[in-house]
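Student: Following this message is one structure expressed as structure tokens.
The values are calculated or read from the model by the stated rules, or taken from the named source; none is laboratory data. Predicted model only: the values in this text are computed from it and were never measured. A quick note on method: Cβ atoms are made from the backbone with ideal geometry, for glycine too, and the neighbour counts reach across all protein chains shown.
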Amino acid sequence: MESSATSLAATPPMGWNSWNMFGSEISEKAIRETADAITASGLKDCGYEYIVIDDCWSQKESRDSNGDLFPDPRKFPNGMKALADYVHEKGLKIGIYSDAAERTCAGYIGSYGFEDQDAQLWASWGMDFLKYDYCNAPADQAAAIRRYKRMGEALKKTGREFLYSLCEWGGRYPYLWGKDAGGAMWRVSGDVFDSWVDIWVPTYNFYGIGVDTSFDIAARVYEYGGPGGWNDLDMLVVGLKGKGQVTGNGMSFIEYQTHMSLWCIACSPLMIGCDVRTMEKETAFLLTNREVLAVNQDKAGIPGRRVRQYGSLEIWKKPLLDGSVAVALINRGSTGNDITLKASDTGMLDTSKTARNLWTQEDIADFKEELILRVQPHQTILLKVSV
Ligand code: GLA
């Protein structure tokens, strides 16, 4: 029988998460308005489904007299059940956050030792998703496996279906045991910032990951993702433009497009991080291109891999269910360059092939042996190649 994680996350989960934009200033108002905007803007029709409340939602210092977590009344005056009902009425799902230690990353109360009680509470509110973080927890892999399993079992015991999202940042190889712990997605890197290159973040005392680095991370772990368990490259920074919690240098349109192309070809979950209430046209364009999203959501569920790299130029390939392949031509360098796609890169030899540019949704060429395309600095051309 298919496990519930497999049927729930048969393709990479899609949605929105509060952290990148709102950080600790998350509120019921922001969540309601986001649910409205996701519905009204057409994002819901594209498949964005989960609205996840990240860190800082609870009362910071204590549990209530029953030992239950409770939402900060300033941020969530009507409580979580009413909010979950509101989100469900829109045909969307709702997620919550906690940490496998006594404190979360932002220092709020965590769930260690209260796994069953917290899972029951979230189920009673109608939560559909849990992101479970790993700050302030022991560094070793065995402890992480124990702690993640413990919560995975607690979620199962509630009888409610939860999509369980693991967030230990990849260091303890969660792709080897995440599914076994009940997880359907697991982070494979530290936090991605709104920046092309890695940046030092003094507030957190760590390096924020830039999109350029995510290529190398995705290339290392691609073989571990698939239906029911996905490598999570982190929330999207598309459209943040220097605003929010993970501020960096901001990125250009071309860089955001490359970011989206990588997340799609690598089969990463697509959790929007920007403020969708005030989304610009260009951001909507990047988040709602159905041919690009179809690469991410392809039912074969095979993460793309890097097939060739020369200098800062790369070619990635992802086989699709209909026998065609998605191909990404990527220029990570700072000068424009020609990239040659060879028949051998596609696996389709000795036959005439059509290349369709998925971002512009146009068939651009027929070729047999090779196709040469000019790729701008930091640009990705995303193609579908079929015979
Ligand atoms: C960690 C996680 C982030 C976010 C913050 C919240 O840094 O990796 O995604 O959840 O904690 O404090």
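Student: Can you tell me which residue is surrounded by the fewest Cβ atoms within 10 Å (Cβ to Cβ) among those in the stretch 311-363 that are without any contact (Cβ under 8 Å) to a residue 12 or more places away in the chain and assigned to a strand (DSSP E or B)?
Tutor: Among them, the one singled out is 362.
Student: Here's something else I'd like to know. Away from the ligand (no atom under 12 Å from the Cβ), among the hydrophobic types (A, V, I, L, M, F, W, C), within 21 Å of residue 60 (Cα to Cα) and assigned to a helix (DSSP H, G or I): is that true of residue 119 in this structure?
Tutor: Considered against the rule, which asks whether it is away from the ligand (no atom under 12 Å from the Cβ), among the hydrophobic types (A, V, I, L, M, F, W, C), within 21 Å of residue 60 (Cα to Cα) and assigned to a helix (DSSP H, G or I), residue 119 comes out as yes.
Student: Let me ask something else about it. Please give the number of the condition residue 83 fails out of (1) over 20 Å from the mean Cα position of the chain (by Cα); (2) assigned to a helix (DSSP H, G or I); (3) surrounded by fewer than 16 Cβ atoms within 10 Å (Cβ to Cβ).
Tutor: (3)
Student: Could I ask something else about it? Among the listed residues 327, 375, 295, 387, identify the single one that is over 20 Å from the mean Cα position of the chain (by Cα) and closer than 26 Å to residue 230 by Cβ.
Tutor: That would be 327, the only listed residue that is over 20 Å from the mean Cα position of the chain (by Cα) and closer than 26 Å to residue 230 by Cβ.
Student: Follow-up. Restricting the search to the stretch 109-119, which residues are of a type outside the set (Gly, Ala, Ser) and surrounded by fewer than 18 Cβ atoms within 10 Å (Cβ to Cβ)?
Tutor: Answer for the stretch 109-119, where residues must be of a type outside the set (Gly, Ala, Ser) and surrounded by fewer than 18 Cβ atoms within 10 Å (Cβ to Cβ): 116, 117.
Student: For residue 11, state whether it is closer than 28 Å to residue 190 by Cβ, assigned to a loop (DSSP other than H, G, I, E, B) and polar (S, T, N, Q).
Tutor: Considered against the rule, which asks whether it is closer than 28 Å to residue 190 by Cβ, assigned to a loop (DSSP other than H, G, I, E, B) and polar (S, T, N, Q), residue 11 comes out as yes.
Student: Evaluate the following for residue 239: is it over 30 Å from residue 202 (Cα atoms), in contact with a Ser or Thr (Cβ under 7 Å, 6 or more places away or on another chain) and touching a residue at least 40 places away in the same chain (Cβ under 8 Å)?
Tutor: no
Student: Have a look at 148, 132 and point out the one that is within 16 Å of the ligand (Cβ to nearest atom), surrounded by 19 or more Cβ atoms within 10 Å (Cβ to Cβ), in the same structural domain as residue 94 (by TED's automatic domain parsing) and not in a strand (DSSP E or B).
Tutor: Sole residue among the options that is within 16 Å of the ligand (Cβ to nearest atom), surrounded by 19 or more Cβ atoms within 10 Å (Cβ to Cβ), in the same structural domain as residue 94 (by TED's automatic domain parsing) and not in a strand (DSSP E or B): 148.
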